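Notes follow once the structure below has been shown.
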Amino acid sequence: MKNSKKSLEKIAFGGGCHWCTEAVFQTLKGVHKVEQGFIASTAPNDTFSEGVIVHFDPQVIDIEQLLEVHLHTHESTSNHSFRTKYRSAMYWFTPAQESAFAKAVPTLQPQFSKPIITKALPFITFKLNDTSFLEYYKRNPEAPFCKRYIDPKLRLLEERFKEVIHTS
């Protein structure tokens, strides 16, 4: 019997509220698990910042597609004052992932009117969020926060990334 978990890869993302990021990636085909919490990398990015670890099947969705979704669903061109708490990053687990990021960003840049500030950082450590905040959107879809911040991101996925989202 084949173990399907062997074909899964991990990559991590940060950029906005991890409730939003979790909901976005849970919507994608090929994503089997999203861990929501706080990620730290190497100095000067060694403080914990909100983020998610995405467990995905690269035969269903590749890193370039995940990165494109990520860049379009958070403020990837804005160096706002909350960047310590909401670091715009792709955290790589392998050098191949870092290389994919380096190739993808120049290709995706023409889709944006300002320079992409998202960084490729090595994944160092992760703290899972408190269980009361996990699966936030799934448990609270009618909450004002979800209506205001998460629903517009999910509508964007439906409009722009229809081929990679789960359909109801």
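No lab work stands behind these numbers, since they all come straight from the coordinates. Since the structure is predicted, the reported quantities are computational estimates derived from the model, not experimental observations. Cβ placement follows ideal geometry from the backbone for every residue including glycine, while neighbour counts extend to all protein chains displayed.
Quote the charge dipole size of the range 47-89 about the Cα centre in Debye, to the nearest 20; the model charges only the Cβ of Lys and Arg (+1) and of Asp and Glu (-1).
340
Taking the Cα centre of the chain as origin, work out the dipole magnitude from +1 charges on Lys and Arg Cβ and -1 charges on Asp and Glu Cβ, in debye rounded to 20.
80
Taking θ as phi - 60°, what are the ³J(HN,Hα) couplings along the range 121-133 by the Karplus curve (6.51, -1.76, 1.60), each to the nearest whole Hz, with x for Gly and Pro?
10, x, 6, 10, 8, 8, 10, 5, 5, 4, 4, 5, 9
At most 14 other Cβ atoms within 10 Å and a DSSP loop assignment: could you name the chymotrypsin sites (Phe, Trp or Tyr not before Pro) in the range 52-158 that fit?
Counting only loop positions with at most 14 other Cβ atoms within 10 Å, the chymotrypsin sites (Phe, Trp or Tyr not before Pro) in the range 52-158 are Phe82, Phe93, Phe112.
Whole-Å semi-axes of the chain's equivalent ellipsoid, largest first, each the root of 5 times a Cα gyration tensor eigenvalue?
Over the Cα atoms of the chain, the ellipsoid semi-axes are 20, 20, 18 Å.
Among residues other than Ser78 whose Cβ falls under 14 Å from its Cβ, what is the net charge (Lys/Arg +1, Asp/Glu -1)?
+4
In whole angstrom, how far apart do the alpha carbon centroids of the range 13-65 and the range 80-151 sit?
6
So which DSSP H runs in the chain come out at 15 Å plus along the axis (Cα) with average Kyte-Doolittle of at least -1.0? Walk me through the intermediate numbers first.
Numbers: long enough: 95-108 (20 Å, 0.17).
Taking the DSSP H segments of the chain (at least 15 Å long, mean hydropathy at least -1.0), we get 95-108.
Across the range 1-78, how many lysine pairs separated by 8 or more positions, or lying on different chains, have Cα atoms within less than 16 Å?
For the range 1-78, qualifying lysine pairs total 5.
Using only the alpha carbons, work out the radius of gyration and Dmax of the range 58-122 in angstrom.
In Å, with Rg to one decimal and Dmax whole: 11.7, 38.
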